[in-house]
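Notes for the one structure printed next.
The values are calculated or read from the model by the stated rules, or taken from the named source; none is laboratory data. Keep in mind that what you see is a predicted model, and the values were worked out from it rather than measured. Ideal geometry is used to build each Cβ from the backbone, glycine not excepted, and the neighbour counts take in all protein chains shown.
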Protein chains: 2
Amino acid sequence: MATLGEFIRRRREKLRESDRQYSLRQVSERVGIEPSYLSKVERDIGSPPSEETLIRIAQDLELDVDVVLALAGKVSSDLQEVIRRRPELFGQFLRDLKDLPDHAVLRLVREVRDGDW
Amino acid sequence: MATLGEFIRRRREKLRESDRQYSLRQVSERVGIEPSYLSKVERDIGSPPSEETLIRIAQDLELDVDVVLALAGKVSSDLQEVIRRRPELFGQFLRDLKDLPDHAVLRLVREVRDGDW
DNA sequence: TGTACTGTGTACTACACAATACACATCCTC
DNA sequence: GAGGATGTGTATTGTGTAGTACACAGTACA
């Protein structure tokens, strides 16, 4: 798995092949941070940006927010909120799901979506 | 719902009715923090303790760790880890479950526990 | 060939977090 | 009524977070 910095840099350079708007400076300007800071982020120097900044970066580069946050060692605050509202329920549930293979979890996902809840 | 401080204080005073070992000072000593700090925590003054400290408090008072962390606005780092390992999968899943009533989630919990996974 | 843009290095900073240290007044209880 | 235990007020602190500011060297291109 890539680091946060590698992941962002690769994506930005990919987008830049077909669109000059994706230089480090232009992205940093749209996102609202200093170019030197984005440069550091892309080289994994220092602590990763805040959740808000990571979300803006992910959006500008059309990346999955949860994946970007995960690479930064974070969990989106709205997901945390889901757990905090019912800590016993979701705490236990997640620990039960922890080691289930993807396909088993996906089966549950489909069940919830199709079911008559 | 009670605040973190109220919740801890009530529990400690309850335990203390039948066991003098649960004075603020004695709990703080077992937990490894200053009495004045625990006093502030119980009165919701300042920012809540770190995850590690909250876990030790919860264990000393025999409280559910996830509930105590939730009252402090936190989510246990091992639960966060579960999400960070598979952010797309669990991100979507949790958002799907967000508004499901308890009984429906419990049905899923039982399914996972009893099922042939 | 200069000017405009590229990414990067160094120094600095404001703020929040997670506490400690210690004195103080009050209360049991023997 | 003396000594220890109880909870609390005030001041202070070290560490990490999340950046900014700005100068600098290399590259592109017109």
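Criterion applied to B:R16, B:R10, B:R30 was being out of contact with any Asp or Glu (no Cβ under 9 Å at 6 or more places or on another chain), in a helix (DSSP H, G or I), of a type outside the set (F, W, Y) and away from DNA strand D (no atom under 11 Å from the Cβ), and the one residue passing it is B:R10.
To keep it simple, each residue is scored yes or no on (1) without any contact (Cβ under 8 Å) to a residue 12 or more places away in the chain; (2) away from DNA strand C (no atom under 14 Å from the Cβ); (3) within 30 Å of A:V112 (Cα to Cα).
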{"site": "B:S39", "(1), (2), (3)": "no, no, no"}
{"site": "B:R43", "(1), (2), (3)": "no, no, no"}
{"site": "B:S50", "(1), (2), (3)": "yes, no, no"}
{"site": "B:A58", "(1), (2), (3)": "yes, no, no"}
{"site": "B:L61", "(1), (2), (3)": "no, yes, no"}
{"site": "B:R86", "(1), (2), (3)": "yes, yes, yes"}
{"site": "B:L94", "(1), (2), (3)": "yes, yes, yes"}
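Within the stretch A:67-80, the set of residues being surrounded by fewer than 18 Cβ atoms within 10 Å (Cβ to Cβ) and closer than 13 Å to B:G91 by Cβ comprises A:V67, A:S77, A:D78.
Tell me which residues, restricted to the stretch A:37-66, are near DNA strand D (Cβ under 9 Å from one of its atoms) and either crowded, with 19+ Cβ neighbours inside 10 Å or outside any helix (DSSP H, G or I) (or both). Those that are near DNA strand D (Cβ under 9 Å from one of its atoms) and either crowded, with 19+ Cβ neighbours inside 10 Å or outside any helix (DSSP H, G or I) (or both): A:L38, A:V41, A:G46, A:S47, A:P48, A:P49, A:S50, A:L54.
Of the numbered criteria (1) farther than 30 Å from B:A72 by Cα; (2) more than 15 Å from the chain's Cα centre (by Cα); (3) surrounded by 19 or more Cβ atoms within 10 Å (Cβ to Cβ), the one A:E29 fails is (3).
Among the conditions (1) part of a helix (DSSP H, G or I); (2) farther than 22 Å from B:D78 by Cβ; (3) within 14 Å of chain B (Cβ to nearest Cβ), the only one that A:E88 does not satisfy is (2).
In this entry, A:R110 passes the filter for residues that are more than 7 Å from chain B (Cβ to nearest Cβ), assigned to a helix (DSSP H, G or I) and at pLDDT below 95.
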